[in-house]
Structure formats: C-alpha cells, structure tokens
Amino acid sequence: MNTLLSSSLLSWLRCFEASARHCNFTHAATELCVTQGAVSQQVKQLEQWLDRPLFLRTPRALVLTPEGERLRFVLRESFQAIEGTLTQLRKPREAGPIALSCAPSFAMRWLTPRLGDFFRDHPEVGLRVYGEFHALDRTRMVRDGIDAAVRFDLGGYDDLKARLFLDEWLLPVASPGFLAAHPDLRGPQDLKGAWLLHDASPWDGAQAFEEWRHWLRVAGVELEAAGLEAGQRFNLSQLAVGAALAGQGVAMGRSALVLEDIEAGRLVDLFGIHARSQASYFFVSAHGQTPHIAMVEDWLAAEGARFDAARAKVLDIRARGVKATGR
C-alpha cells in the first residue's frame with residue numbers, strides 16, 4: 001500500500017516548517033545544516049506539489065499565506081507530538097556530565113573563571129562547556145544532545161524554558177596606550193569610524209553595527225557618513241576587546257566581558273556613558289529539566305546577582321534586580 005508521506009514529501013515539509021518558524025530561508029538552512037538554495041528549492045517543490053503558494057516572498061522576509069499558516073500550525077503540533085513520544089520511548093542515557101552550550105565570549109571571560117567555585121560547591125555535578133552561539137529551539141537541543149545553554153540575545157524562546165539571569169550594559173573601551181596616542185579623544189563627538197572595533201554578530205539576527213548604533217543613539221552622537229563601515233570587524237566580542245587591549249582601537253565593551261580589565265587598568269571606560277543593551281544573558285533548557293540542570297541554573301542566577309552588585313559599584317550603574325522569566 002502506497003503512502004502519501006513519501007521521503008521526499010517529508011523532507012519538503014521539514015524545510016517548510018523551519019522556514020515558516022524563522023520566516024527566513026537562510027536561518028532555516030543554518031538550522032537544518034544545508035544550503036539556503038536547497039531549502040528554497042524544497043519549499044518550491046512542496047508548493048508545486050500542492051499547486052498553491054505557501055509564502056509571499058517580500059524583500060524583507062517571508063510572509064505566510066493563509067494556506068501556509070494552516071500547514072505551519074498542523075506541522076508544529078505534529079512535530080512536537082512526535083518529539084515528545086520519541087523522548088518518552090528513548091532509553092534514558094546513563095547519568096553523565098551536563099552539556100552546556102554557551103556564547104563563546106561569555107564562556108571565556110565570565111563563566112570559566114567562576115566554574116572552580118561551582119565544582120567546589122557541587123562536586124556531584126559534571127559540567128562540560130561548549131562555545132557555541134547558534135540559535136536554539138527544542139528540536140535542535142534534542143537532536144544535538146544539548147542539555148542546557150547560555151545565550152546572549154533578545155529572548156523570545158517559544159518552546160523552551162528561558163530564564164534571564166543577567167542584563168548587560170555597553171560602554172566604549174580602549175587601552176591606556178591608545179588614549180595616550182590619541183590625546184584629542186576627549187568625548188563621544190571625537191570618535192572616528194576607523195577607530196571602532198565591531199562584533200559583527202553580537203547575537204543571532206543582529207546587524208553588524210547594532211551595538212555601536214545603539215550606544216551612539218543613547219549618547220546622542222552621530223558619526224560622519226559611512227563612519228561605522230570604516231572600523232574593523234570580528235565575529236566574537238572577545239576578539240574586538242582583544243584588539244582594544246592591543247591598542248588597535250575602541251571596542252564596544254560588554255560589562256560582563258570588560259569589567260575585570262577596567263578594574264585592573266588594562267582598559268579604560270572612555271566616557272562614563274553606559275547604555276543598557278538590547279540583549280541579555282539567558283539560561284535556556286528544555287522543560288522537565290533534571291535536578292543537576294536546575295542546580296546550574298540557580299547557581300548562574302546567584303552569580304549573576306553578585307556580579308550585578310559589583311558592576312554597579314565599579315561603573316556607577318544603579319543596581320537593578322534581575323527578574324527571572326520562564327517560558
């Protein structure tokens with residue numbers, strides 16, 4: 001007996017569901033580990049098979065048609081039901097270290113120096129940290145064996161439990177040597193585009209100059225035309241900060257990554273103007289987390305609160321309570 005759900009049709013449906021969730025072929029391709037062209041072609045084949053469009057393709061994003069919205073809803077419910085059943089049927093793995101996927105710069109500068117305290121207080125909990133910054137959803141966490149994650153982004157996790165444990169503040173930083181070589185740099189209005197050091201991908205979906213644009217708006221400063229384009233670009237915030245430490249320019253520092261260097265005098269908080277970042281640090285996990293994962297979450301929340309208090313003293317930022325949000 002032939003079945004309607006052939007292997008080709010199932011592949012088309014998977015590409016469509018990911019594209020509908022992201023409203024973007026490129027982001028869907030990244031999630032599925034295929035090319036953007038392959039995803040676009042699979043969705044096109046599904047539309048041809050159905051003989052009706054599922055997306056309106058606009059210059060800015062994909063927009064679901066009414067038929068596409070109907071199919072997206074059914075597929076979401078179906079895939080979640082399948083994943084839930086597979087999770088229940090799958091033989092539980094032996095207890096082992098927790099796989100924690102963590103934003104790389106945050107892992108290097110903030111998390112790793114504190115892990116010694118965690119292991120001392122919780123010797124029964126194994127924890128392995130992996131530097132990653134790709135977007136997450138429940139499907140990807142189950143598929144990749146990710147127990148929990150720390151992400152610097154805007155939040156909005158629909159099918160995961162996400163807890164905001166630390167907010168972030170942005171501040172331009174440079175080395176004392178760079179300041180000595182540029183005595184004319186006295187205020188934000190003196191910044192030159194060629195001096196700026198950029199994290200080109202501060203969070204998934206962010207624009208290349210998002211953090212600098214945000215800080216400049218808060219500071220009330222406009223650079224000359226195309227000024228932001230002149231600066232150096234990196235794919236990690238820590239690389240931009242490393243260039244600033246080497247005297248190569250002015251980086252947009254995130255307080256969690258630069259506070260220690262400011263206290264030690266290796267970097268200078270240039271203007272004392274601190275802009276609340278649009279992104280924050282979230283602890284992300286699937287629902288029904290284990291007691292050990294809950295311990296990691298609670299420890300991070302406590303460490304975040306301690307850091308927030310210390311940061312407020314060093315940077316003269318009024319302490320704000322971090323509200324935990326669960327989804």
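The values are calculated or read from the model by the stated rules, or taken from the named source; none is laboratory data. These numbers were taken from a predicted model, which means no experiment stands behind them. Every residue, glycine among them, receives a Cβ derived from its backbone with ideal geometry; neighbour counts consider all protein chains shown.
Filtering the range 128-138 down to residues that are of a type outside the set (Phe, Trp, Tyr) and not in a strand (DSSP E or B), which residue is modelled with the highest pLDDT?
Taking the candidates together, the pick is GLU132.
I want to confirm something. Restricting to the range 232-256 and keeping residues that are in a loop (DSSP other than H, G, I, E, B) and under 22 Å from the mean Cα position of the chain (by Cα), which single residue is surrounded by the fewest Cβ atoms within 10 Å (Cβ to Cβ)?
If we take residues in the range 232-256 being in a loop (DSSP other than H, G, I, E, B) and under 22 Å from the mean Cα position of the chain (by Cα), then ASN235 is surrounded by the fewest Cβ atoms within 10 Å (Cβ to Cβ).
Tally the residues that are at pLDDT 90 or above, of a type in the set (D, E, K, R) and either under 16 Å from the mean Cα position of the chain (by Cα) or more than 20 Å from LEU257 (Cα to Cα) (or both), restricting the search to the range 178-224.
8
Could you give me the residue pairs with C-beta distances under 7 Å whose first residue belongs to the range 144-170 and is within 16 Å of ALA302 (Cα to Cα), whose second residue is of a type in the set (Asp, Glu) wherever it lies, and which are 6+ apart or on separate chains?
ARG163/GLU297; LEU166/ASP308
Residue by residue, here is whether (1) in a helix (DSSP H, G or I); (2) out of contact with any Cys (no Cβ under 9 Å at 6 or more places or on another chain) holds:
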site	(1), (2)
ARG21	yes, yes
ALA28	yes, no
GLU31	yes, yes
VAL34	no, no
ALA38	yes, no
TRP49	yes, yes
PRO59	no, yes
GLU67	yes, yes
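Among residues belonging to the range 1-44 that are farther than 16 Å from THR58 by Cα and of a type in the set (Val, Ile, Thr), point out the one that is surrounded by the most Cβ atoms within 10 Å (Cβ to Cβ).
Within the range 1-44, the match that is surrounded by the most Cβ atoms within 10 Å (Cβ to Cβ) is VAL39.
Can you tell me which condition ALA310 does not meet? The list is (1) part of a helix (DSSP H, G or I); (2) hydrophobic (A, V, I, L, M, F, W, C); (3) buried (at least 20 other Cβ atoms within 10 Å of the Cβ), and all the others hold.
Checking ALA310 against (1) part of a helix (DSSP H, G or I); (2) hydrophobic (A, V, I, L, M, F, W, C); (3) buried (at least 20 other Cβ atoms within 10 Å of the Cβ), the one that fails is (3).
Only one of these conditions is not met by GLU222: (1) part of a loop (DSSP other than H, G, I, E, B); (2) within 25 Å of ARG151 (Cα to Cα). Which number is it?
Against the list (1) part of a loop (DSSP other than H, G, I, E, B); (2) within 25 Å of ARG151 (Cα to Cα), GLU222 comes up short only on (2).
Output the residue which, of all residues in the range 143-163 that are crowded, with 16+ Cβ neighbours inside 10 Å and farther than 19 Å from ALA107 by Cα, is modelled with the lowest pLDDT.
Here the answer is ASP159.
Assuming GLU229 fulfils every condition listed in (1) closer than 26 Å to SER175 by Cβ; (2) buried (at least 21 other Cβ atoms within 10 Å of the Cβ) apart from one, which condition is it?
Tallying (1) closer than 26 Å to SER175 by Cβ; (2) buried (at least 21 other Cβ atoms within 10 Å of the Cβ), GLU229 fails exactly one: (2).
Please find, among THR26, THR35, the residue that is closer than 21 Å to ARG143 by Cα, at pLDDT below 90 and polar (S, T, N, Q).
Exactly one of THR26, THR35 is closer than 21 Å to ARG143 by Cα, at pLDDT below 90 and polar (S, T, N, Q), namely THR26.
Taking the conditions exactly as written (exposed (fewer than 10 other Cβ atoms within 10 Å of the Cβ) and either of a type outside the set (S, T, N, Q) or modelled with pLDDT of 90 or more (or both)), does LEU56 satisfy them or not?
No; evaluated as a whole, the condition is false for this residue.
Mind counting the residues in the range 138-163 that are under 22 Å from GLU210 (Cβ atoms), of a type in the set (D, E, K, R) and in contact with a Leu (Cβ under 9 Å, 6 or more places away or on another chain)?
The number of residues fulfilling the criteria is 1.
Go through the range 59-81 and count every residue that is surrounded by 11 or more Cβ atoms within 10 Å (Cβ to Cβ) and under 24 Å from ARG138 (Cα atoms).
The qualifying residues number 16.
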